[in-house]
Amino acid sequence: MDSQRFGTFISQLRKEQGLTQKELADKLNITDKAVSKWETGKGFPDLKLLEPLAQTLEVSLVELMQGRRQETDTLTVAEADAAVSQAMGQSERATARRYLRMFRWFLTGGGLLSLLWLFTTFFSSVWAELLTGIYMSSSAAGIIGGADGRTAIITTTRTLNPLETFFALGVPFLLLAVCAVLALKVWRLEKKLK
């Protein structure tokens, strides 16, 4: 089913009935934005809305799904099957796009949280160094006396723990990379379904 032709047909029928997009939406308990998407060919109604939409616009369900008025009152079985198959396919694609978009936003949020994790891990160590002069380390301090008064000597030792480094930097970086790659793949899949 051609979504542009379907949208034009919906718009034509709505205007013939003297309805605005808002009035049609109110009769179907949906938003006027949904009607606008249908009429511009950017969306397709859910299958459960096809029959109420056809009744509201005073056309048969087959006419609605074909996007044109029927010259005859009967259809062949093949024509009816084709119309139903097209409507179901269009509805399934619209639903799949909606779920893919939600999953892409979930992945984007996960990527942002991973980026925040990396940012806080890196900058917490920098702030610790700036504020205390010690880079994430344990220290031993000793005070000795000199000719000019007491002098503090601070020594630091730090052994690099690979597991700690992996959890501090490796895990968030890995999560960020996975989220970015998956979000890109989901976005491409979304584009294919249009």
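Since every read-out is calculated from the coordinates, none of them should be taken as a lab result. Bear in mind the structure is a predicted one, so any value in this text is a computation, not a measurement. Virtual Cβ from ideal backbone geometry, glycine too; neighbours counted across all protein chains shown.
Table for the structure above
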{"quantity": "Relative contact order (%) - criterion: Cα under 8 Å, at least six apart; region: segment 43-122", "calculated": "31 percent"}
{"quantity": "Convex hull per residue volume in Å³, alpha carbons only, for segment 1-119", "calculated": "115 Å³"}
{"quantity": "Spatially proximal lysines relative to K33 (Cα-Cα < 19 Å; intrachain offsets below 8 disregarded)", "calculated": "K15, K22, K42, K48, K194"}
{"quantity": "Sites matching GluC sites (Glu not before Pro) across segment 1-76 that sit in DSSP coil, with at most 13 neighbouring C-beta atoms within 10 Å", "calculated": "E58, E71"}
